[in-house]
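The structure under discussion appears below in the form of structure tokens.
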Amino acid sequence: NILSLGNYQHSHIKTSHEKEPWPLSPDNYKLDGPIGHGRFGIVWRAHCFKPNSQHHQKRVAIKMIDLDGYSDIDDVRKEISIMSNNYHKNVLNYYCSFVSDKELWLVMPLLEGGSIDSVVRLKYGDKGIKDEGLLASILSQ
């Protein structure tokens, strides 16, 4: 139960080559710096720090959600539920989630290509995409 902050933990193995669950402690992750923010929190670039683990030194993104501001956290539960049931190749998966103090940590793959917004702005500037076929192709993914 997410509301009981001290004991919420969930490790989620998504791929067959990952036999070992991801660590469920903030002590096993080193934050390298913020890379953005989402609807519920700040996203950090980080790496796993757990010697003798198959995940040691793997780079990840960690979304930290401050649970103090939520009296009704149904939206957060829905996001976790959607992510835990997600298996589409074009949608971001996650490795594990746990609560540390009053923050929910979602550990996800680090996608270093940037957001679709940053890619479009780099290529098309502030004018955006004018080609409807290209835009439809991007949105269908």
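Computed from the coordinates by the stated procedures, all read-outs in this text should not be read as laboratory data. Just so it is clear, the structure is predicted and the values come from calculations on it, not from any experiment. Don't worry about glycine lacking a Cβ; one is built from the backbone with ideal geometry, like all the others, and counts go over all protein chains shown.
Label positions at ILE42 and ASN93, each projected 7 Å from the Cα along the C-beta direction, are separated by 2.9 nm.
Report the full-extension gain for the segment ASP126 to GLU112: residue separation times 0.36 nm, less the Cα-Cα distance, to one decimal in nm.
Stretched fully, the ASP126-GLU112 segment lengthens by 2.9 nm.
Using 1/(1 + (r/R0)^6) with R0 = 41 angstrom and r between the beta carbons of ALA136 and SER100, what's the FRET efficiency to the nearest 0.05? Could you put the intermediate results ahead of the total?
Numbers: r = 41 Å, r/R0 = 1.01.
It comes out at approximately 0.50.
Packing, as the average of other Cβ atoms within 10 Å across residues, places the peptides 61-67, 76-82, 119-125 in the order 61-67, 76-82, 119-125, highest first.
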